[in-house]
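In what follows, a single structure is set out as structure tokens and then discussed.
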Amino acid sequence: MSSFQSARGLHVSGACDEPTWLAIIEAGYTLGDRLLLLNAPMLRGDDIADLQRSLNHVGFDCGRPDGIFGPAAGRALVDFQQNSGLTADGICGPQTVRTLRLVSRQSGSGPGVASIREAESVREPSSIVGLRVVVGQFGGLSSIARSLSRALREQGATVMSTDEYEASAQAAAANRFGAAAYIGFDARVDPCSIVSYFAVPSFESVGGRSLATCIVEELSTVLDSQPQLNGMRLPVLRETRMPAVLCSVGPVRSVVDKTNLLSTAMTRAISQWSETPMPTLDSDD
């Protein structure tokens, strides 16, 4: 179980919790096993991630390969079908899969259109003044979330706070808000801190990694142990459409005692990131 969680970019607990069980179900789908289309609730699975990777690879932008069949995937699929002489019904069936695989084999290699688009979206420097930020927390760290929200507002940022229990609800709120960045806090019981951004084997959020790198550098001067930088597939990182970072910090009593120091360090990190969103990143981080 721990190996599966690690490979899927989930928190490694060794227990089959809800995110792990859902990931197991999604891992059972291979492209071509079922018809894929825009539905409510939206379909999820490894087959959809494969479809998204393939469409991005041949130049049809369906967004991040997050394994969720949303509107962007639907539009990209219809566009591909129209350009390939297929029935443009927005349904990925056997004929569409065969055509997509044939075109993919003839398309060489490259990062894909989604990676290029995300890099371009965060390339231009801006300012913390007017920056739209969502600050969320998942229990036990409300004082830190409130302190950071207040500090960001004092610097001129436009901030929305959320403490929704479900990660999907926090991600949906951030998407509706049109945030430029999402910062989340998750409590740990052990003296270990992990700063995570969205990444899967074929894709990583370059803006998320850049923001997470700035946060790690600042938190390393405040926390008792060196925070780890980690690309993960956690729900709130997966479902947000902007650079997103989840700070899993602990133990709770220790980090809460450092609330003012933490919020000051986080504000510096976010300000630095807004001014230099695309620094040179070390691939060995």
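Here, each number is a calculation from the coordinates, and none is a lab measurement. This one's a predicted model, so the numbers in the text were calculated from it and none came from an experiment. We place every Cβ from the backbone using ideal geometry, glycine too, and count neighbours over all the protein chains shown.
Details
- The alpha carbons of the stretch 127-275 give a radius of gyration and a Dmax of 13.5, 39 Å, in that order.
- Spin-label pair Ala27-Glu154: with each label point 7 Å from Cα along the Cα-Cβ axis, the two points sit 4.6 nm from one another.
- In this rough spin-label picture, where each label sits 7 Å from Cα along the Cβ direction, the Tyr165-Thr99 distance is 4.6 nm.
- FRET efficiency estimate (nearest 0.05) - Cβ-Cβ, Ser84 to Thr276, R0 45 angstrom: 0.65
- Expected-Rg normalisation [2.2 N^0.38 Å, Cα atoms] applied to the chain: 1.03
- A full extension of the chain between Gln106 and Asp190 corresponds to an added length of 25.3 nm, given 0.36 nm per residue minus the alpha carbon distance.
- For the chain, the dipole from Cβ point charges (+1 on Lys and Arg, -1 on Asp and Glu) about the Cα centre works out to 420 debye, to the nearest 20.
- Within a Gaussian network of the chain (alpha carbon springs, distance under 10 Å), most fluctuating of Val245, Val103, Val200: Val103
- Put simply, the amide H of Val12, placed in the peptide plane, has no neighbours under 5 Å, leaving out anything fewer than 5 places away on its chain.
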